[in-house]
Every structure is written in C-alpha cells, then in structure tokens.
Amino acid sequence: MGLISEIIFCLLTLLSFGLFAQKILRIRRSILLGKATDLNDQPGQRWRNVIFLALGQKKMFLKPIVAVLHLIVYIGFIIINIELLEIVLDGILGTHRVFSKSMGGFYIFLINTFEILAGLVTIACVIFLIRRNSIKLKRFISKDLEGWPRSDANYILIIEILLMSLFLLMNAADHEVSFIVSKNFTPWLTANFNQEQLLLVEKTAWWLHIIGIYAFMNYLPYSKHLHIVLAFPNAYYAPLIPSGTLHNMTDIQNEVLYAMQPELAPTNAAAPESFGAKEATELSWKNLMDAYSCSECGRCTDACPANSTGKLLSPRKIMMATRDRIETISKNIEVNKVFVPDGKTLLHDYISVEELRACTTCNACVTECPISISPLDIIIELRRSLVMEQSNAPQEWNSMFSNIENNFAPWKFSPDDRDAWTKA
C-alpha cells in the first residue's frame, strides 16, 4: 500500500507541476505577442524595484492597516509553503517528517513559526472576506467586477483559509509532536478519536493539504492572483523614467523637425506603418505583462478623477479588457496556428471611444498601483490610433490639430502675426 501511495503521489506531483508550467509558458507566449521593447537598462535600480515594490510592497503602505494584513497573507502563505519541500519528499520517499530528526530543535521552532503565520493568515483572510463582502467599498462593488472577477477574489480567500486549517489539523492530529498553535486542538481530537483514527485524520489532512496546494497552484494562472507570480518580473521591468513622462512618437517628432527645418527632410523616407495601437498585439509586451499582472484591486479606478465624476473610464477595466483580448487572440492562434480575424479589435469592441476620451492623462492610476502598472500607456496608444488612424476626435480637437499643423500653435493665427497683440 505504501508503494502505491508513493507512485500516486509522484504522478500527482508531475501532473500538477507539468500543467502549471504549460500554462505559464502559454501566458509567456501571449505576452510576447506584443511589440518588442528594450527594458534591460539600469539593472541595479530594477532589482531595487523588485525588492521594495514586489517583495516589500512599499506602495501598499499608503494604507497601513490593509497593507499589514496583505503582507501577513502574502509572506505568511509563501513562507508556510516552504514546508511543501518536506511534504513532497515525504510523499516520494514514504517518510514522515523527513527533516525532523536531522534539524532537531530548530525543526520545532520552524514549524511553530509556520503555525503562528498560518493563524495570522487565517485571521487576515477572514477579515478580507468580511471587508470585501460586507463593507460596501466602491472599488469592490463596481460593475467592473460583476460575475467571475468578484467570485474569484472570494474563492482565493476561502482556499487560503482551508489550506491553513488543514495544515493546523494535520499537525494537531500528529501524536508524535506538539506545536504552538495546533496543540490547542489536540485534546479535543484525542478525546474523540483513537490512535488509528488520529492517524487517518492526519493522513487525510496531509493529502487534502497537498492536493489543495497543487490545485491552488494550477488555479493561479486563471485568477487575478497570478500577480503573486508576475509581480516580480513586472516590478523589474517597471519604467524608470519620471512618473507621467509620455513617450513621443519618433515619426511625429521628425515631422515637426522637418516642418521647422525642411532641409533636413529625407527625400525617400518610408511612411510609418501605423500610429498607436488598435489591437492588443500592437501594444508592447510590457503593456501585456501589465494586463496579466493586474490584481484588480481597483486602487487605480478609485483614484481616477474621471471615474469619480461619473465618466465611463475605469483604468482597472482597461487592464482587464486588454488581458481578455490578448487571451482571445492567443487561443485563436493555438487553434488555427495563425491568427484568424474574428471581426473584433481591442479598440471599439473591448474598450470604447468614450472611455478613452474621458482620460485626463493625470497619471493618478499609475501612481496608485502597488506594482506600477500603467493603464495610461494603453490608453495613450489606443487614443493615438483613434485620432491619427481614424481621424476620430471631437471637432474642438480637430480644429486644434489643424492649427498646430498649419500655424505651429493651437491658435488660428499666422506665426508671423503671433506677437501682434503686444503692439495693440
């Protein structure tokens, strides 16, 4: 029976890690459907971003109480799963607490630490469940989260509570050892179960705990909690330029330069293929990584002045729509080997003109994001396509554009007459 159990465990482990790796590689391929952009400069500063933004969660501490609870859940869950190494080895080798003898007293200290963290994680998750479902915070009841997104957040919290509870139950049912938190439940177990039943309880909790971890791992790629994985590379590749800096289009800069200095204009310059982005694949790979890294926390939308005045724009929805679109494109390519047009585009079908025009480019959404995701970059690229490719802009904008093109200023005055007001 022991050998069969070990074989089943090995097959389960291989299947779980194989499926997880397959999905992560698929997401990587989807991200790389975006345009190439080089973000490998200043590695020192980038690693500092990883440490402070992703690991230290620096920007979360703008709201200290929530930040501390989030940090407990995040670090607690990660550290507790260090025990996964022992569980995997026990499952493969058919042993029981393989590290306990070699580590001695330090092993007790380590598991005691894990149990304290497990208790804190459970408390924090219960608080988050109550906060998310009972307190009507605007960013949690927004229509952005209707359907699956709202359920997804609850599922993750419930799964974490169950995993921590199974970990404590497994320890409490183990009559060979005693740990700081689980020992409080041991008297009740020993009063109601004999030694054989306790062993069954321990083994059942052990199996459910590891199956739960493997299930959670393979659920992550389909969940907003994928940010647990992508927060680190996303923080590494975060822009290092000052917040709010917009990337000018080289072709347009050259047009202005040639208008001012015609002698510099090349005689055989090729026309640019397009301006901005109409489709998700015309965005940069970093924009697509942002979309996959978004935790849907809603801080960006909560800070957006356009959204607070009732406009349709929601930066969170921009990120969710971008992720949905690139997922659709990726699945299309998987089925057909190449992308077969489906009659839809990111612009218009997933993100509307009204949303794009509401943006004031104030950069509040970028400032608020805990891992410096930039919905603004996507909005700017889509708006450039809208205006420069489709000439789709309000009449007031078009008049200004025409004046800039003809008079080099937003006003309808000849450049030669621009200082005439000083002589009046």
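Of the residues making up segment 349-375, those that are of a type in the set (A, V, I, L, M) and over 16 Å from the mean Cα position of the chain (by Cα) are 351, 353, 356, 358, 364. Note on segment 228-244: residues that are among the hydroxyl-bearing types (Ser, Thr, Tyr) and surrounded by 17 or more Cβ atoms within 10 Å (Cβ to Cβ) amount to 2. Within segment 52-87, restricting attention to residues that are of a type in the set (A, V, I, L, M, F, W, C) and closer than 22 Å to residue 288 by Cα, the residue that is surrounded by the fewest Cβ atoms within 10 Å (Cβ to Cβ) is 55.
For segment 249-259, check the following and say yes or no: at least one residue is of a type outside the set (D, E, K, R) and touching a residue at least 60 places away in the same chain (Cβ under 8 Å). Looking through segment 249-259, at least one residue is of a type outside the set (D, E, K, R) and touching a residue at least 60 places away in the same chain (Cβ under 8 Å). Residues that are in a helix (DSSP H, G or I) and either small (Gly, Ala, Ser) or surrounded by 20 or more Cβ atoms within 10 Å (Cβ to Cβ) (or both) were ranked within segment 259-280; the one that is nearest to the chain's Cα centre (by Cα) is 280.
Taken together, 39, 84, 89 contain a single residue that is at pLDDT below 95, among the aliphatic types (A, V, I, L, M), in the same structural domain as residue 119 (by TED's automatic domain parsing) and not in a helix (DSSP H, G or I), which is 39.
You will find that of 158, 130, 210, 180, the residue that is at pLDDT 90 or above and buried (at least 18 other Cβ atoms within 10 Å of the Cβ) is 210 and no other.
Pairs under 6 Å by beta carbon, first residue farther than 10 Å from residue 124 by Cα in segment 64-78, partner surrounded by 16 or more Cβ atoms within 10 Å (Cβ to Cβ), six or more apart or different chains? Within 6 Å, the pairs are 67/60; 76/117; 76/120; 76/121; 77/121. Per the listing 255, 202, the residue uniquely surrounded by 18 or more Cβ atoms within 10 Å (Cβ to Cβ), farther than 30 Å from residue 328 by Cα and either acidic (Asp, Glu) or not assigned by TED's automatic domain parsing to the domain that holds residue 112 (or both) is 202. Please tell me if residue 225 is farther than 18 Å from residue 39 by Cβ, modelled with pLDDT under 90 and crowded, with 18+ Cβ neighbours inside 10 Å. Taking the combined requirement at face value, the residue satisfies it. A search for C-beta distances below 6 Å between a residue of segment 167-184 that is in the same structural domain as residue 76 (by TED's automatic domain parsing) and any residue that is among the hydroxyl-bearing types (Ser, Thr, Tyr) and part of a helix (DSSP H, G or I), counting only pairs 6+ apart in sequence or on different chains, returns 168/182; 171/182; 172/182; 172/186.
Residues in segment 220-258 that are in a loop (DSSP other than H, G, I, E, B) and either closer than 14 Å to residue 294 by Cβ or of a type outside the set (A, V, I, L, M) (or both): 10 in all.
Scanning segment 133-155 for residues that are of a type in the set (Gly, Ala, Ser) and surrounded by 15 or more Cβ atoms within 10 Å (Cβ to Cβ) gives 142, 153.
The values are calculated or read from the model by the stated rules, or taken from the named source; none is laboratory data. Nothing here was measured: the structure is a model prediction, and the numbers come from that model. Using ideal geometry, Cβ is built from the backbone for each residue, glycine included, and neighbour counts are taken over all protein chains shown.
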